[in-house]
Amino acid sequence: MAKTSITNISSDPHWKNYIILGGGPVGCYLAYSLLKQENSRVFIFEGRKFERPQVIRIPFCIAENLPEQIQNSMWFDEETRAGIFNSSHADDQNFWPKPGYPWWSWINIGFFQEKLINFLETVEEYQNRFFFIPITFDLGKTNYESEIKKLFPIENAFILDNITAIYCTCGTYSSLLRTQLDILDGKPPEEKSHGIYLIYQNQTREDYQREGQFISYSKLGENGISYAASNNYNLDVQLYTYPAGQLSSVFNTIPESFIQRAKYSSLHGPINLSGNNLPVDAREWLERYKNNISQEISKYDIKFPDDLAKIDIFYASRSEYYWNKVTAKVKWQNRCELPIFFIGDSAGSTDYKFGLSVGRGLFSVDMLTGSINSNNCDFDVIATNYQSYWDKIISREFNKGASLSIEPWIQYQYLVKGRKVNFNNRQIHFNTDEQYEIYLDEYQYLSTDFRNTSESNSILFINTKAIKQNIKNIISFGAQCSNSKIIGVVKSNAYGLGSNLVANLAIEEHIDFLAVAKLQEAVALRKAGIPNNIRLMCFETPLVHDLSTYAANRIEVILPSNQNADSIKIISHWLEHKRRISEKLKVHIMVDTGMRRDGGYANNLPDSVMKTILALQLLDPDQVEFSGISTHLSCYRCTDYKGEEIINFRSLQFCRLEEVVLFLLSKNIRIPLIHIGGGLALLAEKWPLQFKKIAYEHDVELYTRVGHGLYGMELQQDLHLDSPKLNPVVKMDFEVRNVFYIEAGEPVSYGGYWRAPKGGTWIATLAGGWAEGVPRTARTLGEWEDGMMISINNKRYPVVGKINMNAMMVNLGSTTEIRPGDRAIIFGWRSHEPKLNDLAQLSGQIGPSIIVNVPSAMPRIQVSE
């Protein structure tokens, strides 16, 4: 774009002169909004070309605010414009907030910038007040003020002395500018993970419907895909892909050669999906990535162009950051201080979470320019209001916990806000945060899918980063103990957290062996995509008719040992009657060293194990394979039958297992693998060290089956001093439904065991109880002197009275600012939050027994923290 002439600028002191650093979508829209003021001039500094291929959704209140000429050029066909801007299309059958409304204002970013800047430079109302200067600042090396001053001829130096305010809308400029201004008191940008854009053109306008059903964005998102198709004449399509669901393992292996070649800044220019001109490792990875993407989008009838060379690829890492300060003052011309505002991505990005930062940045422009007009350019007041506005955004989007479920929040903030519609013979206009409840009321009336239309009154959060760190730490600890490897136990739906989720996290950290309790769980994991090269074991003793399913799905079986080798007879019977299956059945023999659920311990234990293995080895070796022996620990501190404490009962079990192993080896029986169940065998006893010599001399692999530890549910006092730290991974969050005051002596809950203290107190009723997974046996004030605590707004409060089926009461004290709608943390992972293990001990339970009983209907939300 040619440099704009800025000669003959008026020096009237009544003019307001604004500088904008960054000419992206937010910067362009800010320029237009500022120029609607009388006597205003805007200077945009931006050296980057308008070639960004991404597709963005312009929020409707922003699209509606654009001049008609821009609307007509961006959304060129009349049908699309009518769908976007004509509220008569939103009737009671197709009320606009209803999921799947087809008229979305998608646009190509570069196209948006080009059209808006061309409009401001050519329309008479703005052309003499708008100046686009194609300069890129290197703020890390050059002086900010002197470089801007160089842009103006000497005769126009008056402008430099009369700048009204400066706005930064570019995240890159912001980072450097904040360093220079020494206002780096916020969280610095942090690269979180990978992101890849696929850009191509549709043949026709996308209507987001397939066979009468709208594309499920939530399902696509669960598998790492965000799909957008613009409604302007370019018909641009954008697939933004990232590590989630099926794509997690793919992105985990992305080679650096691909990253460097696909970056926006690559000197070699864009690459395409054909993979031509890529190094061998990058091309091989791209084929795997391509196959995964193709399979996923085909489920929604989204089709790639036949010519893959027409699909451009761009790599952009996903980041998450925010700044504590979005306003400051900068010394200008060594004579005065000017207000500077950070807007859009320069204030903070939530791309890593929702990919919707542009919408939020455009909203903030409206807020800021509205404040400028209403406060008559009193920038002290404007800055205070703007900082408060952004503080609320940061609180909501980064620290809000479960204040709002994702779908309604996105619908409200990015789709509905500012949209006027006629509904039931009245006009509805959502334009403030306070109207969110009205929105939910209307939305819920139309669709009773409460998961998508209401704040969930109880939520279980799952910290995937903490799970991965636990896995990584346990793997490292096992490697230090005679190179024991780990079998990740994901039984009972991974202790209630999602077996497919945890299994994939474990695989990402290079666990190659998983275990579940029931055959149905194992088959479900295979069908969910757990590859065959990942070994998978099922604990329950099979019946004859199960064995073909085991073999066909490469699920390894555990059979108990006994004196007559009876457990092997079911395999013999199966081999006699089954159809031949190409996959070999892998069999492990369980040695009951004291658990007494797998056959019982007998004096002739070594002999019975040997007979069981010999019977197994007599079977067809092409169909059945002896894969190892196992045992399971029964306890940490046990008592014998007389009630006398045996401190080292686990050591006794280890000795019994070692006796069996040495006996088998003395009989020349090859043992491929030994694995022990009970993570404390490793984390408390370092059991592999006892078998180190055996493993080395006889080439035996050692594995530990770990369950509780993966989820941070082992008690710290039970762990070895050398054991790694285990991080809590779950948070339970209930909504405050009622807040009320009771007089002194008033009873609370069933039985009236707890009564209000002298002077009275405030009580909060939480929307959850033992039906939501909180143990009914949990100690609470009333029957006990101390008991369960919860956290609301970062402060702990005691639970009082008996826990109800769907409610529990909390003593807030003599004064309170807590209101209905606030959220209560029952247990979590942050330092100020109560912990799951504390609740378990107050209930006479263990952590896993609480989590596995959380109802499946309770939403599970994944976070990485």
Practice problem: Looking only at segment 486-506, decide whether some residue is buried (at least 20 other Cβ atoms within 10 Å of the Cβ) and more than 24 Å from the chain's Cα centre (by Cα). | Solution: yes
Quiz item: If Ser317 passes every condition in (1) in contact with a Phe, Trp or Tyr (Cβ under 7 Å, 6 or more places away or on another chain); (2) touching a residue at least 60 places away in the same chain (Cβ under 8 Å); (3) more than 30 Å from Thr204 (Cβ to Cβ) but one, which one does it miss?
Solution: (1)
Exercise. Kindly provide the set of residues from segment 236-263 that are open to solvent by 30 Å² or more (accessible area, probe 1.4 Å) and more than 27 Å from Val502 (Cα to Cα), ordered by number.
Key: Ser257, Gln260, Arg261, Lys263
Quiz item: Scanning for something at pLDDT below 80 and part of a loop (DSSP other than H, G, I, E, B), does segment 167-174 turn up at least one residue?
Solution: no
Exercise. Sort out which residues of segment 39-71 are open to solvent by 10 Å² or more (accessible area, probe 1.4 Å) and of a type in the set (Val, Ile, Thr), and write them in order of number.
Key: Ile56
Quiz prompt | Selection status of Met713, at pLDDT below 95 and open to solvent by less than 50 Å² (accessible area, probe 1.4 Å) | solution = yes
Practice problem: Specify the residue that is farthest from Asp306 (Cα to Cα); the eligible residues are those in segment 257-293 that are out of contact with any helix residue (DSSP H, G or I) (no Cβ under 9 Å at 6 or more places or on another chain) and among the acidic types (Asp, Glu). | Solution: Glu284
Quiz item: For segment 31-72, what are the residues that are in a loop (DSSP other than H, G, I, E, B) and of a type in the set (S, T, N, Q)?
Solution: Gln37, Asn39, Gln54
Practice problem: Kindly provide the set of residues from segment 329-347 that are in contact with a helix residue (DSSP H, G or I) (Cβ under 7 Å, 6 or more places away or on another chain) and either under 20 Å from Phe60 (Cβ atoms) or at pLDDT 75 or above (or both), ordered by number. | Solution: Val330, Pro339, Phe341, Phe342, Ile343, Gly344, Asp345, Ser346, Ala347
Quiz item: Given the conditions (1) surrounded by fewer than 18 Cβ atoms within 10 Å (Cβ to Cβ); (2) in a loop (DSSP other than H, G, I, E, B), and given that Ile861 satisfies all but one, which numbered condition is not satisfied?
Solution: (2)
Quiz item: How many residues are within 24 Å of Leu618 (Cα to Cα) and surrounded by fewer than 22 Cβ atoms within 10 Å (Cβ to Cβ) if we restrict to segment 662-707?
Solution: 16
Self-check item: Hits in segment 274-306 - residues which are more than 25 Å from Gln203 (Cα to Cα), touching a Lys or Arg at 6+ places or on another chain (Cβ under 9 Å) and open to solvent by less than 70 Å² (accessible area, probe 1.4 Å)
Solution: Leu278, Pro279, Ala282
Quiz prompt | Qualifying strands (runs of 3 or more DSSP E) (wholly inside segment 672-742; at least 1 residues being in contact (Cβ under 8 Å) with a residue 12 or more places away in the chain, under 31 Å from the mean Cα position of the chain (by Cα) and closer than 18 Å to Ser651 by Cα) | solution = 673-677, 701-706
Practice problem: Being more than 38 Å from the chain's Cα centre (by Cα), at pLDDT 80 or above and buried (at least 16 other Cβ atoms within 10 Å of the Cβ) narrows it down to one of Ile534, Ile568, Ile558, so name that one. | Solution: Ile568
Quiz item: With respect to Ile133, is the statement that it is surrounded by fewer than 21 Cβ atoms within 10 Å (Cβ to Cβ), modelled with pLDDT of 80 or more and of a type in the set (A, V, I, L, M) true?
Solution: yes
Quiz item: Inside segment 227-254, can you point out the residues that are part of a loop (DSSP other than H, G, I, E, B) and over 13 Å from Ile196 (Cβ atoms)?
Solution: Ser230, Asn231, Asn232, Tyr233, Asn234, Leu235, Asn252, Thr253
Practice problem: Sort out which residues of segment 371-380 are of a type in the set (Gly, Ala, Ser) and surrounded by 13 or more Cβ atoms within 10 Å (Cβ to Cβ), and write them in order of number. | Solution: Ser371
Self-check item: Hits in segment 53-104 - residues which are over 20 Å from Gln209 (Cα atoms), hydrophobic (A, V, I, L, M, F, W, C) and either modelled with pLDDT under 80 or touching an Asp or Glu at 6+ places or on another chain (Cβ under 9 Å) (or both)
Solution: Phe60, Cys61, Ile62, Phe76, Phe85
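The values are calculated or read from the model by the stated rules, or taken from the named source; none is laboratory data. Everything numeric in this text was worked out from a predicted model, so none of it was measured. Positions of Cβ are generated from backbone atoms using ideal geometry, with glycine treated the same way; all protein chains shown enter the neighbour counts. Just so you know, the surface numbers come from the protein's heavy atoms only, side chains and all, with ligands and any DNA or RNA stripped out. Shrake-Rupley method; radii C 1.70, N 1.55, O 1.52, S 1.80 Å.
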